[in-house]
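Novice: Let me give you the structure first, and then I'll get to my questions.
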Amino acid sequence: MLLTVDALQISFGSLSPVDDVTLSVDRGQILGVVGESGSGKSLTATAIMGLLPRVGGQIAAGRIRFDGADLVHTRERELRRLRGGRIALITQNPMTSLDAMMRVGPQIDQAARLHLGLGRRAARARSLELMADLRIPDPASVYTLYPHQLSGGMKQRIVIAMALAGDPELLVADEPTTALDVTVQAQIVQILVDLVRQRGLGLILITHDMSVVAQTCDRVAVMYCGRVVELADVNAIFEHPRHPYTQALIRCIPRHDMVRGTMTAIPGMVPGAMALPPGCRFNPRCALASERCRVEIPGLAIGASGNGVACHLAEAA
Ligand code: SF4
Ligand code: MG
């Protein structure tokens with residue numbers, strides 16, 4: 001496995017908005033991490049990137065292993081080398097990664113110079129090559145433009161080029177297309193999929209869009225209220241979803257044959273980290289909840305297949 005997260009708990013003082021998160025991704029594989037906002041997806045990504053201290057959080061328990069190495073106890077200096085070098089992050093808003101005052105080409109060069117130790121000319125040649133790989137038309141001209149001169153989709157391609165510049169093995173993409181138009185979204189997702197297939201990268205694709213997951217992912221981790229409630233192959237998730245929350249998410253996927261306005265929504269809201277219900281965190285919204293569900297937290301029981309579910313009922317079935 002390229003990356004393994006095992007029983008991760010992230011704390012902010014006495015609150016743990018991420019608790020008992022287990023997932024993994026291998027080279028050449030796409031792991032989708034899905035859930036509504038507030039489910040702990042981005043915090044999990046932040047922990048993988050070693051950036052929790054910047055948001056005031058800390059890893060209270062669990063392990064993160066990257067290519068066999070323990071990331072939880074890695075010093076900041078070594079983490080900085082990994083970040084952008086072997087592990088790269090792509091965020092929702094390209095402008096969090098881009099410098100508005102600097103031409104985009106040299107911003108890609110910077111990453112290659114920093115992580116690969118390339119000289120000026122070699123870095124520029126590499127940037128142009130990456131831009132062409134990402135189907136940016138006329139890379140030599142785009143190289144000299146400023147971010148504001150580019151469309152949202154083009155800016156996100158530059159950010160992906162920056163992420164690739166250090167030749168990473170793992171990409172973590174946190175809602176990389178949410179800020180883009182629908183047609184552009186599909187292009188960016190396709191670019192990410194091609195990168196994984198062609199370069200053998202591991203990709204963690206964080207999204208709230210189940211149709212994107214269905215089209216691209218190999219494996220899926222479904223998160224709810226900071227916990228992984230189901231972890232399985234994409235086929236199992238869509239053909240035999242076992243957790244009531246996964247089942248509800250799938251029912252919410254808009255279908256073409258639906259009349260507008262009939263889309264199912266999951267009743268109720270995701271409780272905040274300060275108001276978590278006792279027992280299974282999904283119990284206030286679960287039609288199948290029993291007395292046991294209101295007292296006992298179901299653990300993620302992973303079977304020999306590598307698939308698992310955290311539900312008292314599914315476990316019994
Ligand atoms: Fe529903 Fe109970 Fe399963 Fe939670 S453990 S999802 S409340 S059936
Ligand atoms: Mg998020």
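Novice: Which residue pairs have Cβ atoms under 6 Å apart, sit 6 or more places apart or on different chains, and have a first residue in segment 5-20 that is part of a strand (DSSP E or B) and a second that is among the acidic types (Asp, Glu) and surrounded by 19 or more Cβ atoms within 10 Å (Cβ to Cβ)?
Specialist: Sorted first by the residue in segment 5-20, then by its partner, the pairs are Gln9/Asp19.
Novice: If you take the residues in segment 285-317 that are over 23 Å from Arg219 (Cα atoms) and either acidic (Asp, Glu) or more than 11 Å from ligand 1 (Cβ to nearest atom) (or both), which one is surrounded by the fewest Cβ atoms within 10 Å (Cβ to Cβ)?
Specialist: Of all residues in segment 285-317, those over 23 Å from Arg219 (Cα atoms) come to 285-297, 316.
From the residues that got through so far, the ones that are either acidic (Asp, Glu) or more than 11 Å from ligand 1 (Cβ to nearest atom) (or both) too are 291, 296.
On the way: Glu291: 9, Glu296: 12.
Out of the qualifying residues, it is Glu291.
Novice: Looking only at residues in segment 26-41 that are part of a loop (DSSP other than H, G, I, E, B) and either within 14 Å of ligand 2 (Cβ to nearest atom) or touching a helix residue (DSSP H, G or I) at 6+ places or on another chain (Cβ under 8 Å) (or both), which one is farthest from Ala248 (Cα to Cα)?
Specialist: First pass over segment 26-41, keeping only residues part of a loop (DSSP other than H, G, I, E, B): 26-29, 35-40.
Remaining after also requiring either within 14 Å of ligand 2 (Cβ to nearest atom) or touching a helix residue (DSSP H, G or I) at 6+ places or on another chain (Cβ under 8 Å) (or both): 28-29, 35-40.
Numbers: Gly28: 29, Gln29: 26, Gly35: 11, Glu36: 12, Ser37: 15, Gly38: 17, Ser39: 15, Gly40: 18 Å.
Selected residue: Gly28.
Novice: Select from segment 274-284 the residues that are under 14 Å from Tyr245 (Cα atoms) and either near ligand 1 (Cβ under 8 Å from one of its atoms) or of a type in the set (Val, Ile, Thr) (or both) and write down the one among them that is surrounded by the most Cβ atoms within 10 Å (Cβ to Cβ). Please lay out each step first, then the result.
Specialist: Step one: of segment 274-284, the residues under 14 Å from Tyr245 (Cα atoms) are 280-284.
Filter again for either near ligand 1 (Cβ under 8 Å from one of its atoms) or of a type in the set (Val, Ile, Thr) (or both), leaving 280-283.
Details: Cys280: 29, Arg281: 24, Phe282: 26, Asn283: 21.
For segment 274-284, the residue satisfying everything is Cys280.
Novice: Show the residue pairs meeting these rules: Cβ distance below 7 Å; 6+ apart or different chains; first residue within segment 236-256 and among the polar types (S, T, N, Q); second residue in a loop (DSSP other than H, G, I, E, B) and at pLDDT 95 or above.
Specialist: Matching pairs, first to second residue: Gln247/Pro241.
Novice: Taking the residues in segment 42-72 that are part of a loop (DSSP other than H, G, I, E, B) and among the hydrophobic types (A, V, I, L, M, F, W, C) as candidates, determine which candidate is nearest to Ala7 (Cα to Cα).
Specialist: Filtering segment 42-72 down to residues part of a loop (DSSP other than H, G, I, E, B) leaves 49-51, 56-57, 67-68, 71-72.
Now narrow it down to the ones that are among the hydrophobic types (A, V, I, L, M, F, W, C): 49, 51, 71-72.
Numbers: Met49: 17, Leu51: 18, Leu71: 14, Val72: 12 Å.
Across segment 42-72, the extreme among qualifying residues is Val72.
Novice: Just to check your reading of the model, which residue among Asp174, Asp209 is within 16 Å of ligand 2 (Cβ to nearest atom) and in contact with a helix residue (DSSP H, G or I) (Cβ under 6 Å, 6 or more places away or on another chain)?
Specialist: So the residue among Asp174, Asp209 that is within 16 Å of ligand 2 (Cβ to nearest atom) and in contact with a helix residue (DSSP H, G or I) (Cβ under 6 Å, 6 or more places away or on another chain) is Asp174.
Novice: Restricting attention to segment 200-245, and to residues there that are among the hydroxyl-bearing types (Ser, Thr, Tyr) and under 19 Å from Val25 (Cβ atoms), which single residue is surrounded by the fewest Cβ atoms within 10 Å (Cβ to Cβ)? Step through it out loud before you land on a result.
Specialist: Keep residues of segment 200-245 that are among the hydroxyl-bearing types (Ser, Thr, Tyr), which gives 207, 211, 216, 224, 245.
Still in the list and also under 19 Å from Val25 (Cβ atoms): 207, 216.
Values: Thr207: 22, Thr216: 19.
Only one residue fits best here, namely Thr216.
Novice: Considering only segment 107-123, I want to know if a residue exists there that is outside any helix (DSSP H, G or I), crowded, with 20+ Cβ neighbours inside 10 Å and out of contact with any Gly (no Cβ under 7 Å at 6 or more places or on another chain). Talk me through it step by step, then tell me what you get.
Specialist: Taking segment 107-123 first, the residues outside any helix (DSSP H, G or I) are 117-119.
Next, only the ones that are crowded, with 20+ Cβ neighbours inside 10 Å stay: none.
Within segment 107-123, not a single residue is outside any helix (DSSP H, G or I), crowded, with 20+ Cβ neighbours inside 10 Å and out of contact with any Gly (no Cβ under 7 Å at 6 or more places or on another chain).
The values are calculated or read from the model by the stated rules, or taken from the named source; none is laboratory data. Worth saying up front: this structure is predicted, and the values here are computed from it rather than measured. FYI the Cβ positions are ideal-geometry reconstructions off the backbone, even for glycines, and counts take in every protein chain you see.
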